[in-house]
Amino acid sequence: MPKTVPWAFAAVTLGVFAAGCGPTPAAPTAAVTPYHGPVLTNAAWGPVFQAPGRYIGARIRVTGQITERVPDSHPPLFQVYLDPVTPANPIAAFGLARYAAGSYVALSGVITATRTFHNALGYPVLAPIVRVTSSERITRDDAVDPTLAVTSPAVSARQNGLTLTVSQVQFAAQATRIFLTAVNRSATAVTVDDTGARLTQGGQSLALRTGSPDIHAFPITIAGGRTAHSEIVFNRSRLGGPALALQIPVSGNSYRLNWHDFSFSLAVPAHPPA
């Protein structure tokens, strides 16, 4: 989970509302013309952070991380960073009480007002207030680097009683995420070396990434009769480019069996869906 840092007074980095400071009403303003533009997303959030008062009435569909409940807020109001990595782009949202602090969520809602808060350094920060109409828990990957396109159905290969299946490939702006299932129907334990996997596209190697908390590796050995799952993540691949070539080393603890790398050719979508 990203480390929370104090809010800056500009649109650079943000942080928590100071404990005990709570929200204070914004100064009275002239009547605001309701916003009637398109639904706002993470990609279009920069202008909203700069001037949230212009977007009263806007419908939003965003992802982010819940960091804390705003002190002394009733009903409970929660701080959400729409950019969890920096962190940046905060909103204060009603309707998220069922989630624990630190959760990643996708939410839809309406900006109903703005309100001035004070950060841990005492500076005022004007933030949009959002009435959440729907929400769901998502993974950190979905919040930080959302999936643009997906390929399926599954592709499988088999040797010596071990079946390895690529169940899904997710293509994101910064990453290629590959989901694997291993079913060991042999009488011996095997090692599927997902950390030694290699991925190429058109002869260009894509580096293996290890920084996502969502990554789940196979156990060191998979016993006979057991099933295991893995997510391996590489750098971004090019949508519309050549097929991906995936190689995964495998070995076993029986000298009677010979093993070779599993090899898969994985289709690449032409472009993200409209």
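The values are calculated or read from the model by the stated rules, or taken from the named source; none is laboratory data. Everything quoted here is computed from the prediction, not taken from an experiment. Reconstructed Cβ throughout: ideal geometry from the backbone, glycine too, with neighbour counts over all protein chains shown. Heavy atoms of the whole protein, side chains included, go into the accessibility calculation; ligands, DNA and RNA do not. Shrake-Rupley method; radii C 1.70, N 1.55, O 1.52, S 1.80 Å.
The table for this structure:
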item	result
3J(HN,Hα) from dihedral phi, the range 186-191, Karplus parametrisation 6.51/-1.76/1.60, rounded to Hz, x for glycine, proline	7, 9, 10, 6, 10, 10
FRET E, pair LEU121, ALA51, Förster distance 22 Å, beta-carbon r, rounded to 0.05	0.50
Cβ-based net charge around ALA100, under 11 Å, with every Lys or Arg adding one and every Asp or Glu removing one	+2
Portion, in percent, of the accessible area of the chain that falls on carbon or sulfur, probe 1.4 Å	55
Estimated FRET transfer efficiency when R0 is 25 angstrom, pair THR139-ALA245 (beta carbons, to 0.05)	0.40
Length gained when the stretch VAL150-ARG59 is fully extended (0.36 nm per residue, less Cα-Cα span)	30.1 nm
Residue-normalised accessible area of the chain, expressed per residue, 1.4 Å probe, Å²	50
Mean Cα-pair separation over length for the range 192-266, i.e. relative contact order, pairs under 8 Å, 6 or more apart, %	36
For peptides 199-210, 53-64, sequence by mean Cβ density within 10 Å, most packed first	53-64, 199-210
Gain in span if fully extended, SER263 to ALA217, counting 0.36 nm per residue against the direct Cα distance	14.7 nm
D (Stokes-Einstein, µm²/s), Kirkwood Cα radius, the chain, 1.002 mPa s at 20 °C	101
Length-normalised contact order for the chain - Cα pairs under 8 Å, 6+ apart - percent	14
